[in-house]
């Protein structure tokens with residue numbers, strides 16, 4: 001098959017080429033899939049896209065006009081593609097669902113620890129030969145009440161890690177996970193109970209219509225213990241205006257996040273010489289109680305290898321006339 005790989009990053013191209021092993025005819029572009037760049041897919045059988053690409057209905061119709069038959073996502077989340085429309089058009093879609101639960105859960109812990117123990121500030125101060133500790137005080141995670149919203153693959157790994165810290169874990173999901181309850185003493189409670197009781201709150205929810213702006217003003221207003229919020233889900237699960245208001249009114253102690261709701265066209269690019277005109281992003285970047293990383297939670301050697309493997313597993317299944325193992329419908 002001829003395959004066009006959108007949003008190709010230098011760090012993944014070699015892995016993708018190696019995994020392909022010459023089977024498919026690959027082309028790489030650093031460009032995102034957009035209405036304009038969809039034209040690049042003319043004469044290709046399949047395209048591979050990333051979380052920053054736009055595969056909404058109108059763009060899918062263009063790809064269909066260009067006879068693209070397959071779309072494989074190099075991500076677990078698929079909120080950037082209208083799967084129902086793709087299937088209706090006869091375009092098969094598959095994702096890479098299990099590529100990096102460990103990588104993302106570990107990054108969530110890293111975000112919390114870096115924020116709570118003020119590692120960025122400590123580094124800045126020591127580079128200035130300031131070795132005072134007065135403004136570097138954090139707290140133990142041991143015996144703290146920690147909320148985990150979403151206990152899928154990532155949330156489950158996170159619960160395991162938190163159990164190792166000795167945290168009291170409260171969880172919320174559409175269904176409870178008996179294994180987590182039995183092994184790690186997790187207590188499933190309502191989302192409102194988590195808001196009221198959690199001292200730290202990890203967000204591992206998928207982005208759906210129901211979870212869009214899950215963290216809105218009304219949810220923040222229920223929080224009692226001024227928790228630190230850690231987001232490794234999707235940016236739009238948290239209303240940026242609401243989280244900034246919660247920070248400024250001391251409703252929460254901090255926001256450590258790997259995602260931002262308006263990150264498309266910004267994250268994964270060097271914008272240092274072309275700064276985006278985004279007032280909300282500017283406020284987040286300059287807020288003393290925000291730690292923001294550039295959607296890097298997935299970026300480990302192991303996760304990138306798993307993404308490459310799953311991408312070509314999907315393509316090879318389609319080439320063989322089968323449904324992809326990770327096919328979405």
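No lab work stands behind these numbers, since they all come straight from the coordinates. Remember, predicted model here, so these are calculated numbers, not experimental data. Positions of Cβ are backbone-derived with ideal geometry, glycine not excepted, and every protein chain shown enters the neighbour counts.
Here are the numbers for this structure:
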read-out: When the convex hull of its Cα atoms is projected in every direction, mean area for the range 101-292 (nm²); value: 11.7 nm²
read-out: Fewest-first sequence of 109, 42 by Cβ atoms within 10 Å of each Cβ; value: 42, 109
read-out: Folded to 0 to 90 degrees: helix 153-165 orientation relative to the chain principal axis, Cα; value: 30 degrees
read-out: Separation of alpha-carbon centers, the range 2-40 and the range 302-329, rounded to whole Å; value: 15 Å
read-out: Helix 301-319 axis, angle to the chain major axis (alpha carbon atoms, nearest 10°); value: 30 degrees
read-out: Sorted by Cβ neighbour density within 10 Å, fewest at the top, the residues 270, 182, 239; value: 270, 182, 239
read-out: Over the range 66-216, relative contact order from alpha-carbon pairs under 8 Å, at least 6 apart, %; value: 21 percent
read-out: Centroid-to-centroid separation of the range 138-157 and the range 229-249 [C-alpha atoms, Å]; value: 17 Å
read-out: Cα long-axis angle, helix 101-116 against the chain (0 to 90 degrees, to the nearest 10); value: 30 degrees
read-out: Top of 210, 94, 171 by mean-square fluctuation, Gaussian network on the chain, Cα under 10 Å; value: 210
read-out: Structure-based [θ]222 nm, the chain - -39500 (n - 2.57) summed over DSSP H runs of at least 4, per residue, nearest 500; value: -10500 deg cm²/dmol
read-out: Stokes-Einstein D for the range 1-117, Kirkwood Rh over Cα pairs, 10 °C, 1.306 mPa s (µm²/s); value: 104 µm²/s
read-out: C-alpha center-to-center spacing [the range 103-135, the range 168-191] in angstrom; value: 30 Å
read-out: Gaussian network model of the chain, Cα within-10 Å springs - most flexible of 207, 58, 244; value: 58
read-out: Hydrodynamic radius of the chain per Kirkwood, over alpha carbon pairs, in Å; value: 21.1 Å
read-out: Cα gyration tensor, the range 63-137 - rounded (a/c under 1.5), prolate or oblate; value: prolate
read-out: Residue of 22, 150, 265 that the Gaussian network model of the chain assigns the largest fluctuation, springs spanning Cα pairs under 10 Å; value: 22
read-out: DSSP-defined beta bridges in the chain - what % are antiparallel, rounded to 5; value: 5 percent
read-out: Three-way shape call for the range 85-190 based on the alpha-carbon gyration tensor, with the a/c threshold at 1.5; value: oblate
read-out: Neighbour-count ranking [beta-carbon atoms within 10 angstrom, fewest first] of 29, 311; value: 29, 311
